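Trainee: To start, I am sharing the structure in question, which I have written as structure tokens.
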Amino acid sequence: ATAKLIDFAERLVAADQVAAAGYAGALVYVSELRPGATFDFKPVTRDYADALRALGLHVVSCYQYGKPGWPTPSDFTRGYDGGVADAQTALRLHAAAGGADSAPIFFSIDEDIDAGTWKGVAVQWLRGINSVLGVQRTGVYGSAGVCAWAIADGVIGHSTTPGYRWAWQTKAWSQGKREPAAVLYQSVIVTGSDPGISLGGTHVDEDDILAADFGQWDLAR
């Protein structure tokens, strides 16, 4: 069976509940809480990350601040300079939570974009991120198309598992397509019409692990 991670859509799930449900770990947010949001999982705390690791669970870092229409636009719309600022924040919060210096951070493109939007602004955002983190520690979350474009344009790094890149693909907006180099695949997504996975009194997204090195903190690279 494929090992799985969770990521959080509503509330944080206690580390012991993640372990009891049979998950291999969690993706955690190294981003600030946007105004008006009440999530208790942004940014990840050192205590929570330590609790996961103490149980032998894997931790993977991801970044998302803005969201379409609430109240800021998506992060990628801020271009190169926005990428620099986002990477600086992500790096600071990742380190504060105990994240490894070699571990990637996955930056979210959490909407459906076309190739023109990718070329016009999104790739420049990732290049700004690259200027801070380096390409090798930059990952992306998005549709099959986003993952493929990021690979083709050389703005995300390589897993130590041959043939894989720091691409976390969501099934959303992918029209059933799969990026074969993705290290993670978000197969269950909490939406208004789908409650996702019920766990710890809340609902979570579920992610399939596709490579031995999927960006986890506790792996020597």
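The values are calculated or read from the model by the stated rules, or taken from the named source; none is laboratory data. Because the structure is a prediction, the values reported are computed rather than measured. Don't worry about glycine lacking a Cβ; one is built from the backbone with ideal geometry, like all the others, and counts go over all protein chains shown. Please note that ligands, DNA and RNA were not included when accessible areas were found on the heavy atoms of the full protein model with its side chains. Shrake-Rupley method; radii C 1.70, N 1.55, O 1.52, S 1.80 Å.
Trainee: Rounded to the nearest 500, what is the chain's calculated 222 nm mean residue ellipticity when only DSSP H runs of at least 4 contribute -39500 (n - 2.57) each, over all residues?
Mentor: On the way: 5 runs with 53 residues, N = 221.
Taking each H run of at least 4 residues, the total per residue is -7000 deg cm²/dmol.
Trainee: In degrees between 0 and 90, to the nearest 10, how far off the longest principal axis of the chain does helix 123-133 point, with axes built from Cα atoms?
Mentor: Computed tilt is about 60 degrees.
Trainee: At 1.4 Å probe size, with every protein chain present, just tell me what the per residue accessible area of the range 37-128 comes to in Å². Write down the numbers at each step before the final one.
Mentor: Details: 3780 Å² over 92 residues.
On a per-residue basis, the range 37-128 sits at 41 Å².
Trainee: Calculate what fraction, in whole %, of the accessible area of the chain sits on carbon and sulfur atoms when a 1.4 Å probe is rolled over the protein chains.
Mentor: Working: 4700 of 8810 Å².
Accessible surface attributable to carbon and sulfur in the chain totals 53 percent.
Trainee: Let me ask something additional. How would Asp207, Asp153, Asp114 line up by accessible area, probe 1.4 Å, largest first?
Mentor: Numbers: Asp207 0, Asp153 45, Asp114 90 Å².
Accessible-area ranking of Asp207, Asp153, Asp114, largest first: Asp114, Asp153, Asp207.
Trainee: Using a cut-off of 12 Å between beta-carbons, work out the net charge of the residues near Lys67 (Lys and Arg +1, Asp and Glu -1, Lys67 not included). If you can, show how the numbers build up before the last one.
Mentor: Values: positive: Arg34, Lys42; negative: Asp75, Asp110, Glu111.
Once all neighbours under 12 Å are counted, the net charge is -1.
Trainee: Of the beta bridges DSSP finds with both residues in the chain, what % are antiparallel, to the nearest 5?
Mentor: Numbers: 13 of 34 bridges.
Percentage antiparallel, nearest 5: 40.
Trainee: Something else: Net charge within 12 Å of Ala90 by Cβ-Cβ distance, Lys/Arg positive one each and Asp/Glu negative one each, not counting Ala90 itself? Mind dumping the intermediate values first?
Mentor: Values: positive: Lys42, Arg92, Arg137; negative: Glu32, Asp75, Asp86.
With Lys, Arg at +1 and Asp, Glu at -1, the neighbours total 0.
Trainee: Ok, one more. Would you work out if the range 168-221 is rounded, prolate or oblate? Take a ≥ b ≥ c from the square roots of the eigenvalues of the alpha-carbon gyration tensor; rounded if a/c is under 1.5, else prolate when a/b is larger than b/c, oblate otherwise. Write down the numbers at each step before the final one.
Mentor: Values: a/c = 3.80, a/b = 1.34, b/c = 2.84.
Oblate shape, in that a/c is at least 1.5 and b/c is the bigger or equal ratio.
Trainee: Which residues in the range 14-31 have a backbone N closer than 20 Å to a point placed 7 Å from the Cα of Ala95 along the Cα-to-Cβ line?
Mentor: Only 28-31 fall inside the zone, counting backbone N under 20 Å.
Trainee: How far, in nm, would the chain grow between Ala20 and Ala220 when pulled straight, counting 0.36 nm per residue and subtracting the alpha carbon separation? Walk me through the numbers before you get to the answer.
Mentor: On the way: separation 200, 0.36 × 200 = 72.00 nm, distance 2.63 nm.
The span from Ala20 to Ala220 would gain 69.4 nm if fully extended.
Trainee: Would you work out if the range 105-171 is rounded, prolate or oblate? Take a ≥ b ≥ c from the square roots of the eigenvalues of the alpha-carbon gyration tensor; rounded if a/c is under 1.5, else prolate when a/b is larger than b/c, oblate otherwise. Could the numbers behind the result be given before it?
Mentor: Values: a/c = 1.77, a/b = 1.22, b/c = 1.45.
Verdict is oblate for the range 105-171.
Trainee: While we're on this one: Within 10 Å, Cβ to Cβ, of Asp40, how many net charges do the neighbouring residues add up to if Lys/Arg are +1 and Asp/Glu are -1? Each step should come with its number before you reach the end.
Mentor: Values: positive: Arg11, Lys42; negative: Glu10.
Taking every Cβ under 10 Å from that of Asp40, the sum is +1.
Trainee: Moving on to the next point. Give me the Å³ per residue figure for the convex hull around the C-alpha atoms of the range 1-65.
Mentor: Enclosed volume per residue, from the Cα hull, is 82 Å³.
Trainee: Pop a pseudo-label 7 angstrom from the Cα along the beta-carbon direction at both Gln136 and Ala152 and give the gap in nm to one decimal.
Mentor: Computed distance between label sites Gln136 and Ala152 equals 2.7 nm.
Trainee: How far apart, in nm, are the 7 Å Cα→Cβ label points at Ser198 and Ala212?
Mentor: Taking the two extended label points, one gets 3.9 nm.
Trainee: I would also like to ask the following. What span do the alpha-carbon atoms of the chain cover on each of the three principal axes, reported in whole Å from largest to smallest?
Mentor: Each principal axis gives a Cα extent; for the chain these are 44, 38, 36 Å.
Trainee: With the cut-off at 25 Å, tell me which of the pairs Lys42/Lys119; Lys4/Lys119; Lys4/Lys42 have Cα atoms farther apart than that.
Mentor: Details: Lys42/Lys119 29 Å; Lys4/Lys119 32 Å; Lys4/Lys42 21 Å.
Exceeds cut-off: Lys42/Lys119; Lys4/Lys119.
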